[in-house]
1. Here are Leu160, Leu133: which of them is surrounded by 24 or more Cβ atoms within 10 Å (Cβ to Cβ) and either under 21 Å from Ser35 (Cα atoms) or away from the ligand (no atom under 14 Å from the Cβ) (or both)?
2. Among the candidates Glu109, Glu55, which residue alone is touching a His at 6+ places or on another chain (Cβ under 6 Å) and either surrounded by fewer than 22 Cβ atoms within 10 Å (Cβ to Cβ) or under 24 Å from Trp271 (Cα atoms) (or both)?
3. Kindly check whether there is at least one residue in the range 190-198 that is part of a strand (DSSP E or B), within 16 Å of the ligand (Cβ to nearest atom) and closer than 20 Å to Leu137 by Cβ.
4. Can you work out which of the residues in the range 136-157 that are small (Gly, Ala, Ser) and buried (at least 23 other Cβ atoms within 10 Å of the Cβ) is farthest from the chain's Cα centre (by Cα)?
5. Does the range 258-275 include one or more residues that are closer than 13 Å to Val61 by Cβ and of a type outside the set (Ser, Thr, Tyr)?
6. Identify, please: which residue in the range 138-153 is in contact with a Lys or Arg (Cβ under 9 Å, 6 or more places away or on another chain) and not in a loop (DSSP other than H, G, I, E, B) and is, among those, farthest from the ligand (Cβ to nearest atom)?
7. Pull up the range 194-240, narrow it to residues that are in contact (Cβ under 8 Å) with a residue 40 or more places away in the chain and hydroxyl-bearing (Ser, Thr, Tyr), then point me to the one that is farthest from Cys172 (Cα to Cα).
Amino acid sequence: MSLDGPITSFSELPNPPEEAARAAIIPAPLEATVSYGHGTSLGPAAIIFASQQLELYDNVVDCQVMDLGVITRPAVNVSPPLETALTRIEAAVGRELDAGRLPVLLGGEHTVTVAALRALVKRRGADFTVLSLDAHLDLRDSYEGSPYSHACAMRRALDLGLEVRHFGARSCSLAEMELIRARGMEPLWAREVHNDPDWLQKAVAGLEGPVYLTLDVDGFDASVMPATGTPEPGGLSWPQVTAWLEAVCARCPVIGLDVVELAPLMGMTAWDFTAAKLVHRALGLALLGGPKPSHGSER
Ligand SMILES: [Mn+2]
């Protein structure tokens, strides 16, 4: 299971010619500050390996997503030091942005998001909102001695001047809670998704302008997605997450996305496939601006 092997493209289709690519998948197998379960460095390869089994046609967007023009890049060199690895990821994302392509980062730990956000902010300023599917707020100023811990990714987004809206959170520190109260941030907690019939309207209320989607697979419930470094009970289902993605993409232009924190469990393919399908669905929705109106949601 290595990207150095014969598999060089997401899905069973070969890479399109450069000029036909509207989106680029960038594997970023960073594993530098993982605090509990290990294995996020194997995430991108596992997603691309599983993607070979995807059905090319997606009935929610009513097309073969890869036909929209999706190219897969070789993995970014993420060897230490961490700051250098982040600079390389930022450069890889920046190259796609400069060519007008949607960057789709595959982590790796959540820290990779910081590099993508830096590339975007340098080019367009902080004129967009970060939507974070995550069990955690990731708003710590530093964690285990590092400001670039996976537990600090959204704090660094705030430092860049970005607005962050959390979806599916259910675990945070007292200091993080005090920070969101002080800043007037309103996460949509997993508990609300489960208990409030109007959660989807709340999730997109007031949401305007371009968005960056960061999808930490631990936003799913640990029963749906156990293959992650810091699993949490009480999380979201596949239909809840995809309904949210559909609503967001129908409303706002997506300027970049990532799927992070898959830590594959050897021999267990279901969760690698779930992550691959998440990439595929999010890509289709982002490129097409939401679901096909007639299809009826999976929800
Ligand atoms: Mn998380």
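1. Just a single option satisfies the conditions, and that option is Leu133.
2. After ruling out the rest, the residue left standing is Glu109.
3. Among the residues of the range 190-198, not one is part of a strand (DSSP E or B), within 16 Å of the ligand (Cβ to nearest atom) and closer than 20 Å to Leu137 by Cβ, which makes the answer no.
4. Result: Ser149.
5. Checking the range 258-275: not a single residue is closer than 13 Å to Val61 by Cβ and of a type outside the set (Ser, Thr, Tyr).
6. The selected residue is Cys152.
7. Tyr212
Table: residues versus (1) at pLDDT 95 or above; (2) farther than 15 Å from Thr129 by Cβ; (3) touching a Cys at 6+ places or on another chain (Cβ under 9 Å); (4) of a type in the set (D, E, K, R).
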residue	(1), (2), (3), (4)
Leu213	yes, no, yes, no
Asp216	yes, yes, no, yes
Ala270	yes, yes, no, no
Leu278	yes, yes, no, no
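The values are calculated or read from the model by the stated rules, or taken from the named source; none is laboratory data. Just so it is clear, the model here is predicted, and its values are computed rather than measured. FYI the Cβ positions are ideal-geometry reconstructions off the backbone, even for glycines, and counts take in every protein chain you see. Surface accessibility is based on the protein's heavy atoms, side chains included, excluding ligands, DNA and RNA. Shrake-Rupley method; radii C 1.70, N 1.55, O 1.52, S 1.80 Å.
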